[in-house]
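A quick write-up on the structure given underneath.
The values are calculated or read from the model by the stated rules, or taken from the named source; none is laboratory data. Please read these numbers as outputs of a predicted model, since none were measured by experiment. Glycine also receives a Cβ, built like all others from the backbone with ideal geometry; neighbour counts cover every protein chain displayed.
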Amino acid sequence: MMKMKSTNYFSSLLAALALLLFTACGNQPTATEGETEAVMAADAWDEVDEILEQIEPPTFPDRDFVITEFGAVADGETDNTEAIRKAIIACNEAGGGRVVVPEGEFFTGPIHLLSNVNLHVSEDATLLFSTNPKDYLPLVFTRWEGVELMNYSPLIYAFEQENIAITGKGTLDGQANETNWWPWKGKKEYGWKEGMPNQNDEDKRAALFQMAEDGVPVEERIFGEGFYLRPQFVQPYRSKNILIEDVTIINSPMWILNPVLCENVTIEGVRVVSHGPNSDGCDPESSKNVLIKDCYFNTGDDCIAIKSGRNADGRRINVPSENIVIQGCTMVDGHGGVVIGSEISGGVRNVFAEDCEMSSPNLERALRIKTSSMRGGIVENVYLRNIEVGQVADQVIRVNMFYEDSGAFIPTVRNIEVKNMTVENGGEVGVLLEGYEQSPVQNVRLINVEIEEVEEPFIFSNVEDIVFEDVIINGEEIELEEEL
């Protein structure tokens, strides 16, 4: 085993220990350049218990408000939006409890949760969501691909609420497919045909991004009808104390679980299956203290993608995602298993993923960090351990600092550790790290990692302080040269 540019590595241990006293879960300082090298020497996993102590699922009074008692009909056709709304209001005004969806198929438009309400979808119950865009009006304050705007309501939405939940072993079906929602992406594989409108017209998606760059107030960023920006499935916004547990979620217009500017979030035992465009499974965005546990992701895009806002709008809000714990999850199809970015301008820190299984010929990467000089921001303190990877198509680990647009905001990526990972088929490249000369990918450590059946063991461009310890690729222990 040979280190590359790792002088003073162990001499910085005391600085690391001091830093870790402050990086638990509160208002920690950003690590200085001198401290970042040392943080890898200490056991950052000690922080996980402290984070988990701060994540407590909400509890609810023992009251049930059954939607059929408010007029809901389980025939799969009757519009139950108003019945569900009345049940939620009654539950909230009574001080909280469960709004129960009993066995059967219930058709509905958007559902807006209120504080102290647990939307409980019973086993053998299905909520079938409308695919008529007009049903998702009036516009709401939301975030779309990292930019705030007024747009269609998410299918399940909460704005500035506390103590909310979606529970039960039932199914949430967005009913999105190649005949609705998905063609708005503008790609033929999702049902779009020549001449059909889509989000890529210059006065639509690009117009939103330009408004953000120009500093247009959010209330004046009016989208919705005629702009073809698909809604998210579940989006709590500026909310606290959130639980999403046991439900199955299928066929989403785009991003599926997307807590934005939230705190104290538990997502446990959830099954996500959606293969449409941008069907990210779970996107914590500018959120703090998030647990994603024992979930299953089979998606058309990233399985878990941690985000914090896009470009100027992300810098305007300037709230990182931090203290994200991922445990015991299964990732099947997707662009990446654990992903950070690309809407990452507010930064990300303290991400821990352990005891996960990933495998599919359609899973492109196990760990992916994607950013650019248009995004900027700092990504730091990312730790994976005990990860079993059967098969990936492209890379096992990839850090790409040149994703999409370029600009004047050079990002920082540092402090990444992958420990106890086995990979049966590593695809094209085992470890691909791409940084800037003025901002190299820093402090990456692989410990006890075995990658088999990979075409190229590693490719590095502008990196600093890379450590391989007990790393075996294609049956051979890898020894890094002093200069790569």
Tally time: how many residues in the range 203-221 are more than 24 Å from Asn318 (Cβ to Cβ) and at pLDDT 95 or above?
1
Flag if Thr299 is surrounded by fewer than 23 Cβ atoms within 10 Å (Cβ to Cβ) and either modelled with pLDDT of 95 or more or out of contact with any Pro (no Cβ under 9 Å at 6 or more places or on another chain) (or both)
no
Restricting attention to the range 254-292, and to residues there that are at positive phi and either of a type in the set (A, V, I, L, M, F, W, C) or not in a strand (DSSP E or B) (or both), which single residue is surrounded by the fewest Cβ atoms within 10 Å (Cβ to Cβ)?
Gly269
From the list Pro183, Pro197, exactly one residue is out of contact with any Ser or Thr (no Cβ under 9 Å at 6 or more places or on another chain), of a type outside the set (Lys, Arg) and part of a helix (DSSP H, G or I). Which is it?
Pro183
Of all the strands (runs of 3 or more DSSP E) wholly in the range 396-484, which have at least 3 residues that are more than 25 Å from the chain's Cα centre (by Cα)?
441-451, 454-461, 463-473
I'd like to verify a number: residues in the range 210-243 that are out of contact with any helix residue (DSSP H, G or I) (no Cβ under 7 Å at 6 or more places or on another chain) and not in a loop (DSSP other than H, G, I, E, B), how many?
15
Just one of Glu464, Glu481 is at pLDDT 95 or above and surrounded by fewer than 21 Cβ atoms within 10 Å (Cβ to Cβ); which is it?
Glu464
The range 360-395, subset in a strand (DSSP E or B) and of a type in the set (Lys, Arg), residue nearest to His275 (Cα to Cα):
Arg365
Run down Asn318, Asn323 and say which single residue is at positive phi and crowded, with 23+ Cβ neighbours inside 10 Å.
Asn323
In the range 65-82, how many are within 19 Å of Asn132 (Cα to Cα) and either of a type in the set (D, E, K, R) or out of contact with any Gly (no Cβ under 7 Å at 6 or more places or on another chain) (or both)?
7
Quick check on the range 299-315: of everything there that is under 14 Å from the mean Cα position of the chain (by Cα) and outside any loop (DSSP other than H, G, I, E, B), which residue is nearest to Asn251 (Cα to Cα)?
Thr299
Residue set Thr179, Thr171; condition polar (S, T, N, Q) and more than 24 Å from the chain's Cα centre (by Cα); output residue Thr179
Counted residues, the range 222-254 - those being among the acidic types (Asp, Glu) and touching a Leu at 6+ places or on another chain (Cβ under 8 Å)
1
Within the range 331-348, can one find any residue that is more than 13 Å from the chain's Cα centre (by Cα), over 15 Å from Ile256 (Cβ atoms) and not in a loop (DSSP other than H, G, I, E, B)?
no
Modelled with pLDDT of 95 or more, over 25 Å from Asn241 (Cα atoms) and over 28 Å from the mean Cα position of the chain (by Cα) - does that describe any residue in the range 27-40?
no
Which numbered condition Thr167 fails, given (1) at pLDDT below 95; (2) under 24 Å from Ser287 (Cβ atoms):
(1)
Filtered residues of the range 138-156 (kept if surrounded by fewer than 23 Cβ atoms within 10 Å (Cβ to Cβ) and outside any loop (DSSP other than H, G, I, E, B)):
Val140, Phe141, Met150
Any residue in the range 175-185 that is of a type in the set (A, V, I, L, M), surrounded by fewer than 22 Cβ atoms within 10 Å (Cβ to Cβ), outside the structural domain of Ile326 (by TED's automatic domain parsing) and closer than 30 Å to Val325 by Cα?
no
